[in-house]
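The values are calculated or read from the model by the stated rules, or taken from the named source; none is laboratory data. Keep in mind that what you see is a predicted model, and the values were worked out from it rather than measured. Here the Cβ positions follow ideal geometry from the backbone for every residue, glycine too, while neighbour counts run over all protein chains shown. With ligands, DNA and RNA removed, areas are computed over all heavy atoms of the protein, side chains included. Shrake-Rupley method; radii C 1.70, N 1.55, O 1.52, S 1.80 Å.
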Amino acid sequence: MLNPKRFLSDLHHLRSFGAAGVGKGVVRPAFSDPDIAAREWLAARMKEAGLEPRFDPVGNLFGIAGEQSLLLGSHTDTQPEGGWLDGALGVIAALEIARASKEAGGPPISVVSFQDEEGRFGVTTGSAIWGGNTVLADADPLTDRDGVSFVDARAKMAHLAGADVSPALFSGYVEMHIEQGPSLDQSGEKIGVVDSIVGIRDMRITFAGQQNHAGTTPMALRRDAFQALSRFNAVLNDRFRNVVTPQTVWTIGHVSLHPNASSVVPGKVTFSMQWRDGDAERLRRMEGIIRETAQEVADGGGFEIGFGPMLGLEPVPMDKGLRARLAEAAEAEAPGNWRHMPSGALHDATNVARLMPVAMLFVPSIGGVSHTFDEDTDEADLVTGLRVLARAAGVDVG
Ligand code: GLV
Ligand code: MN
Ligand code: MN
C-alpha cells in the first residue's frame, strides 16, 4: 500500500547527498560526486523495489517495471544552489508509487531520474537527448560555466552506463513537481494540473573591448566590457516593453567579467541570456531584438561581439487524456481546492512529449521560491501530491 512515511523518509535521505546551506539546501549538480552517489543509491532502492535499474549513456537512470508501463519521475540533479524538492520530489514519489504497486500486484509503474535537467551543460540535457530534441554529438561539446565539457563530465559515469533505453517500453509519462512559483501558495490550493509548459531560449553572448588601467585610462577612451553589458541590459529592457506580456520572462543569470579586478578596466564579458514565453513567435521576435541590440551596443562602443549556440525548447501542451486523469484524482483528494495552470519552469516532460503522452502536476512552494536553499513545501502537501499521482496512475492509495 502507498506508504507516505517511507516516501518522506526516502526524500529526506536523498537530500543527504549534497546537503548544504541552512534549512534544506542541496548542492548536487549533474555529474558531481554527490549526484553520482545519489544515483547509485537510487538504483539500489529501485532494485529493492523490484524494478530493473538501468543507466543510459548520458546518466539518465531508469527503474523498469516492464513493457507498456507508465513512466513516472523527474530529475535528481540540482542547481549550483538548490532545494531538496526540485526534481527529487517527482522521482521519489515515482519510486514509492512503483514500489506500492508492485507490493499490491497493481499496474506496472516505471521510474526515471533524468540527468542534468538543471542545465549545467545545456537545457534539460539528459531528457533532451533521450527525447530527441538534442543529438548526443551536439551535446558532447557543450561546456559548463567552468569550461568542463559534457563528454568529459559523463565519462565520470562510464562505469555505470549501459545501452540506450527504448521509449517503446512506456505508455506515457507523468511528472510531479513543486510549482516553484507563487500561485498555489497564494491561493491556498493544493494541486496544480499543468495544461502547458512554456518555451525557452538560452545562449551566451560575449563583448570584447580593451583591458586597461583603471586609473590612467580616460573615460572617453575606454572600451569597458562591463559598460557594454550594462548598456545592453538597459536598452534591451526598454525595447522588450513593446513585445512582452506579463508572463514573459528574461534573465541574465551568469556573468563572467574578465579579469574581474577593482583596478582593471574589464576587457571582456561573457554572460547568459535566457528568455521564456508560451508563444514561439514571441520567443523569435525577442531573439531578433537581442541580437540587434547587442550588435548596436558593440558597433557603438568598438566591441567585438560573439554569440554562442542558441539552445531552446518549444512550448508544449500536456496530453488531454492524462490531464483528465490527474484532474479527476485532484478532485478526489482535494475537492474544489486545485486548479489548471501553465508551467513557467522547464521540465523533462517537455522533451518526453516528443515520445509519448505526458502530463504534470504541481504542489505548492512555500513563499513561491525555488532555485535557492530556501525552497520548501509543507509535508502534508507533498503527501497530497503523492496520493493524486498514485490515483492517476491507477495505484491503490489505501
Ligand atoms: C528548470 O529548472 C528551469 O530552469 O525551469
Ligand atoms: Mn526541476
Ligand atoms: Mn530546477
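Run through the range 222-255 and list the trypsin sites (Lys or Arg not before Pro) located in a DSSP loop whose Cβ has at most 16 other Cβ atoms within 10 Å.
Those that pass, being in a loop and sparsely packed, are Arg241.
I need the peptides 107-115, 364-372 ranked by packing, meaning the mean over residues of other C-beta atoms within 10 angstrom, with the highest value on top.
107-115, 364-372
Could you list which residues have their amide H under 5 Å from that of Val193, counting only those 5 or more apart in sequence or on another chain, with H placed in the peptide plane?
The answer is Arg339, His340, Met341, Phe362.
Ignoring ligands and nucleic acids, what accessible area does Lys190 show with a 1.4 Å probe (Å², nearest 10)?
Probe radius 1.4 Å; accessible area of Lys190 about 70 Å².
With the dipole of the chain worked out from charges on the C-beta (+1 for Lys and Arg, -1 for Asp and Glu) around the Cα centre, which of Pro57, Val265, Leu42 lies farthest toward the positive end?
The Cα lying farthest towards the positive end belongs to Val265.
So how tilted is helix 33-48 from the main axis of the chain? Cα-based, degrees 0 to 90, rounded to 10.
20
If you count the DSSP beta bridges with both ends in the chain, what percent of them are antiparallel, to the nearest 5?
65
Please work out whether the range 141-224 counts as rounded, prolate or oblate from its C-alpha gyration tensor, where a ≥ b ≥ c are the square roots of the eigenvalues and a/c under 1.5 means rounded, while otherwise a/b larger than b/c means prolate and anything else oblate?
The shape class here is oblate.
What shape does the range 244-386 have by the C-alpha gyration tensor, where a ≥ b ≥ c are the square roots of the eigenvalues, rounded means a/c under 1.5, and otherwise prolate means a/b greater than b/c and oblate the rest?
Judged from the Cα gyration tensor, the range 244-386 comes out prolate (a/c at least 1.5, a/b above b/c).
Mind listing the long-range amide H neighbours of Val26? Cut-off is under 5 Å, sequence gap 5 or more, other chains count too, H placed in the peptide plane at 1.01 Å from N.
Amide H neighbours of Val26, under 5 Å, 5+ apart: Ala20, Gly82, Gly83.
Could you list, in their original order, any pairs among Lys190/Lys320; Lys102/Lys320; Lys24/Lys102 whose Cα atoms are separated by more than 24 Å?
Exceeds cut-off: Lys102/Lys320; Lys24/Lys102.
Compute the acute angle (0 to 90°) between the alpha-carbon long axis of helix 88-104 and the principal axis of greatest extent of the alpha-carbon atoms of the chain; round to the nearest 10°.
10
Using the Cα centre of the chain as origin and beta-carbon charges of +1 (Lys, Arg) and -1 (Asp, Glu), tell me which of Pro218, Ala234, Val111 is placed farthest towards the positive end of the dipole.
Pro218
Of the peptides 17-30, 56-69, how do they stack up when ordered by the mean number of other Cβ atoms within 10 Å, highest first?
With the highest mean Cβ count within 10 Å placed first, the list reads 56-69, 17-30.
Taking θ = phi - 60°, what integer Hz values does the Karplus form 6.51 cos²θ - 1.76 cosθ + 1.60 yield along the range 346-352, in sequence order, with x for Gly and Pro?
For the range 346-352, the Karplus curve yields 7, 8, 4, 3, 4, 6, 5 Hz.
Of Val297, Val243, Val388, which is the most mobile in a GNM of the chain whose springs link Cα atoms less than 10 angstrom apart?
It is Val243.
What translational D, rounded to a whole number of µm²/s, comes out for the range 317-398 from Stokes-Einstein when the hydrodynamic radius is the Kirkwood one over Cα pairs, at 25 °C and 0.890 mPa s?
Diffusion coefficient, whole number: 177 µm²/s.
Tell me whether the range 1-99 comes out rounded, prolate or oblate; compute the Cα gyration tensor, take square roots of the eigenvalues as a ≥ b ≥ c, and use a/c under 1.5 as the rounded threshold.
oblate
In degrees from 0 to 90, rounded to the nearest 10, what is the angle of the helix 4-15 Cα long axis to the longest principal axis of the chain?
Compared with the principal axis, the helix lies near 30 degrees.
Tell me the carbon and sulfur percent of the accessible area for the chain, rounded to whole percent, probe radius 1.4 Å.
Of the solvent-accessible surface of the chain, carbon and sulfur hold 50 percent.
Using a 1.4 angstrom probe on the protein heavy atoms only, line up Trp338, Trp275, Trp250 by accessible area, largest first.
Largest to smallest exposure gives the sequence Trp250, Trp338, Trp275.
Grab the DSSP H runs of the chain that are 4 residues or longer, score each as -39,500 (n - 2.57), total them, divide by all residues and round the 222 nm result to the nearest 500 deg cm²/dmol.
-10500 deg cm²/dmol
Using modelled backbone amide H atoms (1.01 Å from N, in-plane), which distant-in-sequence or interchain residues come within less than 5 Å of Glu175's amide H?
Close amide H contacts, sequence-distant or interchain: Ala359, Met360, Leu361.
I'm checking a number: the convex hull volume of the Cα atoms of the chain, normalised per residue, in Å³. What is it?
137
Measuring from centroid to centroid over Cα atoms, what is the spacing of the range 138-174 and the range 62-106 in Å?
If you average the Cα positions of each part, the centres end up 18 Å apart.
Please report, in debye to the nearest 20, how large the charge dipole of the chain is about its Cα centre when each Lys and Arg carries +1 at its beta carbon and each Asp and Glu carries -1 there.
Roughly 380 debye for the chain.
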